[in-house]
Amino acid sequence: MRINLASVLVDDQEKALRFYTDVLGFVKKHDIPMGDARWLTVVSPEDPEGTELLLEPSGHPAAKPFKDALVADGIPWTMFAVADVHAEYERMRGLGVRFTQEPTDMGTVITAVFDDTCGNLIQIGQMKS
Amino acid sequence: MGDVFKALADPTRRTILDELTNRDGQTLFELCARLVSIHGLASSRQAVSQHLDVLESAGLVETRREGRYKFHYINTKPLEPIVERWLGKRGQT
């Protein structure tokens, strides 16, 4: 068994696709109409056959209070690995991305937290060698 | 002033103030992460939240909402009477 898919709950799939590709640099993998919504996944260009990220609509009534409560406390539900947190922080800030936590040395890992504009906080992490 | 001493009596709460001195304006998540990774204090998020409530009621921590986020800031004003009472008058008679 292996993990082939993880999901983020996004308030708008089209906006999410733009952010996750144009800003974060992922590439679209699957885009299949499913009634009102789409089966919309992105992958990392560094690992196109790897784990897919599903941009899942957050229309379920439980989703909004859940996401709002996480964001209020600054909790990132999802994490991505980067080679250099400081470089990504500068690059993304230049694109207007809002960070709730600056790059911080957490011992074995350097992390930062940003707003994905779709209702989520996302953590980026760089393992220290 | 009693609330200030009570708030400062707990070592975790003093560490929270240390961390806000290092970087002001942190989310609950960031504070919890710093407490565990830098200080080895594996308090639950609920416990840290309660510590923040005590610090806030003593006036030592202020929270500000910025849009959807909530950040915590240190306020050292309640400490000034301590300085004035015991340190400010030293050498005076």
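The values are calculated or read from the model by the stated rules, or taken from the named source; none is laboratory data. All figures in this text were calculated on a predicted structure; none of them were measured in a lab. With ideal geometry, Cβ positions are generated from the backbone for all residues, glycine too; neighbour counts draw on all protein chains shown. What goes into the accessible areas is simple: the full protein's heavy atoms, side chains included, and nothing from ligands, DNA or RNA. Shrake-Rupley method; radii C 1.70, N 1.55, O 1.52, S 1.80 Å.
Chain pair A, B: how much accessible area is buried, both chains summed, with a 1.4 Å probe, in Å² to 100?
Looking at A and B, the buried total is near 1500 Å².
Compute the helix-to-body angle for A:63-72: its Cα long axis versus the longest principal axis of chain A, expressed 0 to 90° and rounded to tens.
Approximately 10 degrees, to the nearest 10.
At 1.4 Å probe size, put A:Val71, B:Val36, A:Val109 in order of accessible surface, largest to smallest.
B:Val36, A:Val109, A:Val71
Among B:Ala42, B:Thr21, A:Phe80, whose Cα projects farthest towards the positive end of the dipole of the protein assembly as shown, with charges put on the beta-carbon of Lys, Arg (+1) and Asp, Glu (-1)?
The Cα lying farthest towards the positive end belongs to B:Thr21.
When DSSP assigns beta bridges and you keep just the ones with both residues in chain A, what percent turn out antiparallel, to the nearest 5?
Of all bridge pairs located within chain A, approximately 65 percent are antiparallel.
Using the Cα gyration tensor of segment A:15-113, with a ≥ b ≥ c the square roots of its eigenvalues, what is the shape: rounded (a/c below 1.5), prolate (a/b larger than b/c) or oblate (neither)?
Note, shape of segment A:15-113 comes out oblate.
Leaving ligands, DNA and RNA out of it, rank A:Phe19, A:Phe66 by accessible area with a 1.4 Å probe, largest first.
A:Phe66, A:Phe19
Quick one: pull the percent of accessible area on chain B belonging to carbon and sulfur, 1.4 Å probe, ligands and nucleic acids left out.
Summing carbon and sulfur atoms, their accessible area is 50 percent of the total for chain B.
What is the helix-to-structure angle for A:85-94, meaning the angle in degrees between its Cα long axis and the longest Cα principal axis of chain A, kept from 0 to 90 and rounded to the nearest 10?
Result, in degrees: 60.
Taking every Cα atom in the protein assembly as shown, find the radius of gyration and the maximum pairwise distance Dmax, and write them in Å.
21.3, 84
Could you size up the charge dipole of the protein assembly as shown around its Cα centre, putting +1 on the beta carbon of Lys and Arg and -1 on that of Asp and Glu, and report it in debye to the nearest 20?
With only Lys, Arg, Asp and Glu charged at Cβ, the dipole is about 680 debye.
With heavy atoms of protein chains only and a 1.4 Å probe, what residues of segment A:60-76 have at least 40 Å² less accessible area in the full set of chains than alone?
Residues losing area: A:Val71, A:Ala72, A:Asp73, A:Ile75.
Using 1/(1 + (r/R0)^6) with R0 = 25 angstrom and r between the beta carbons of A:Arg98 and A:Glu14, what's the FRET efficiency to the nearest 0.05?
It comes out at approximately 0.80.
Please calculate the 1.4 Å probe accessible area of B:Ser57, with all protein chains present, and give it to the nearest 10 Å².
90 Å²
So which residues of segment B:25-64 lose at least 50 Å² of accessible area, probe 1.4 Å, when you go from the chain by itself to every protein chain present?
So the qualifying set is B:Phe29.
Computing the accessible area with a 1.4 Å probe over protein heavy atoms, can you report the carbon and sulfur percentage for segment A:1-91?
Solvent-exposed carbon and sulfur of segment A:1-91 make up 58 percent of the total.
Per residue, how much accessible area does segment B:1-77 have with a 1.4 Å probe, in Å²?
It amounts to 50 Å² per residue over segment B:1-77.
Kindly identify residues of segment A:80-122 having a loss of at least 10 Å² in accessible area between the isolated chain and the assembly of all protein chains, probe radius 1.4 Å.
At a threshold of 10 Å² (probe 1.4 Å), the residues of segment A:80-122 that become less exposed are A:Arg98, A:Thr100, A:Gln101, A:Glu102, A:Thr104, A:Asp105, A:Met106, A:Asp115, A:Gly119.
Let me make sure I get this right: for segment B:18-64, a, b and c are the square roots of the gyration tensor eigenvalues over alpha carbons, sorted descending. Under 1.5 in a/c it's rounded, otherwise prolate if a/b > b/c, else oblate. Which is it?
The shape class here is oblate.
Pop the C-beta distance of A:Thr78 and B:Thr76 into the FRET formula with R0 = 30 Å and round what comes out to the nearest 0.05.
0.25
Within segment A:30-48, whose backbone N sits under 13 Å from a point 7 Å along Cα→Cβ of A:Leu5?
Under cut-off, by backbone N: A:30-34, A:38-42.
Give the accessible surface of chain A per residue, rounded to a whole number of Å², with probe radius 1.4 Å and ligands, DNA and RNA excluded.
54 Å²
Hey, if you put +1 on the Cβ of every Lys and Arg and -1 on every Asp and Glu Cβ in the protein assembly as shown, which of A:Gly96, A:Gln13, B:Val54 ends up farthest toward the positive end of that dipole?
B:Val54
For chain B, count all C-alpha to C-alpha pairs, find those more than 20 Å apart, and express that count as a whole percent of the total.
Percentage above 20 Å: 38.
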